[in-house]
Number of protein chains: 2
Amino acid sequence: MDSPPSPPIGLALSRAAKIVGRAFDECLSAAGGSLPTWLIMISLKTHRLGNQRELAAAVGIEGATLTHHLNAMETKGLVTRRRDPANRRIHVVELTDEGERLFHRLRAAAQAHDERLRTGLTPADLTTLTHVLTQMTHNVAADDGGPDA
Amino acid sequence: MDSPPSPPIGLALSRAAKIVGRAFDECLSAAGGSLPTWLIMISLKTHRLGNQRELAAAVGIEGATLTHHLNAMETKGLVTRRRDPANRRIHVVELTDEGERLFHRLRAAAQAHDERLRTGLTPADLTTLTHVLTQMTHNVAADDGGPDA
DNA sequence: TATTGTTATACTCTATAACTATA
DNA sequence: TATAGTTATAGAGTATAACAATA
């Protein structure tokens, strides 16, 4: 009943993600940004989100953490926050022109990082990777109460 | 010259690693540990390292950061540090009995996490994943001065 | 009262620089 | 002087709890 343990994949993923993630961070830092900034900007550009809680959820952080980053981004002149006239509880976040420029620089940096990452990998490898990451994310998100929970 | 961008794999990896890594953290926390503690313990158990700098390198952190974690682990009674009589500059780190017990609990937690992660994945998926992570780690570690650098 | 967001505070992990101890 | 490790300090990212503003 002791199936061959097979190499600990959580550990391998954790280690690789640490190394690759650091390289990604350095890429973004060198371009004048950071990972949270980049994630926030992507969310602002791709989805049109209704409020900051949705934005925070898209980035994978809490609302207060998002506020923390938005404060810094606003100080740097990358975003503006203004109240929605229709519902003044909602703060509409928008990239400034300077924010747009940084976005383009970060996109270029992220693309360069991606090309480096893909070196030596086949399209099939990348397809499998995407599939595996999706599956693992689901595995971990699932309420683990059992197969019939 | 604009090859089809193909989905940003760095971003996908970053997002998945964040989610899976948090689940891993929670697993280890629930068992009374943390990721750094677990990585340190694994290194202590598997390699027989000569000094703390090697241990830090194996874990992927700086020496001072390792000291920080070892201080906490020593306070909790998980490890002891004593000077090597042959070279009193070297501090030999060893798990206490309580450290051993925690190691076994964390190993069980990590294995449970691994089984959850592997749900819905074929052995071929996992083989590819391991290969891809290894390749990406190399891609990122390489001095990027060019193919003949 | 419920919703939206901010402020205050603190924790974890990490790093760099300066220091002590030993060789 | 060189090596091993520690201490002091700092910074990034995150979170929870309490708060203010709006509906």
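The values are calculated or read from the model by the stated rules, or taken from the named source; none is laboratory data. These numbers come from a predicted model, not from an experiment. Note that each Cβ is placed from the backbone with ideal geometry, even for glycine, and that neighbours are counted across all protein chains shown. Remember, those area values only see protein heavy atoms, side chains included, never the ligands or the DNA or RNA. Shrake-Rupley method; radii C 1.70, N 1.55, O 1.52, S 1.80 Å.
So here's what we get for this one:
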{"read-out": "Qualifying position, being in contact with a Leu (Cβ under 8 Å, 6 or more places away or on another chain) and either under 19 Å from A:HIS104 (Cα atoms) or of a type in the set (S, T, N, Q) (or both), among A:GLY32, A:GLY77", "value": "A:GLY32"}
{"read-out": "Residues within region B:31-45 that are away from DNA strand C (no atom under 12 Å from the Cβ), in a helix (DSSP H, G or I) and open to solvent by less than 70 Å² (accessible area, probe 1.4 Å), tallied", "value": "4"}
{"read-out": "Hey, B:GLY77 open to solvent by less than 70 Å² (accessible area, probe 1.4 Å), in contact (Cβ under 8 Å) with a residue 12 or more places away in the chain and more than 13 Å from DNA strand D (Cβ to nearest atom) or not", "value": "yes"}
{"read-out": "All positions within region A:46-73 that are closer than 19 Å to A:THR96 by Cα, open to solvent by less than 30 Å² (accessible area, probe 1.4 Å) and either within 8 Å of DNA strand D (Cβ to nearest atom) or under 14 Å from the mean Cα position of the chain (by Cα) (or both)", "value": "A:LEU55, A:LEU66"}
{"read-out": "Considering residues of region A:99-109 that are touching a residue at least 60 places away in the same chain (Cβ under 8 Å) and open to solvent by 10 Å² or more (accessible area, probe 1.4 Å) only, the residue nearest to the other protein chains (Cβ to nearest Cβ)", "value": "A:ALA109"}
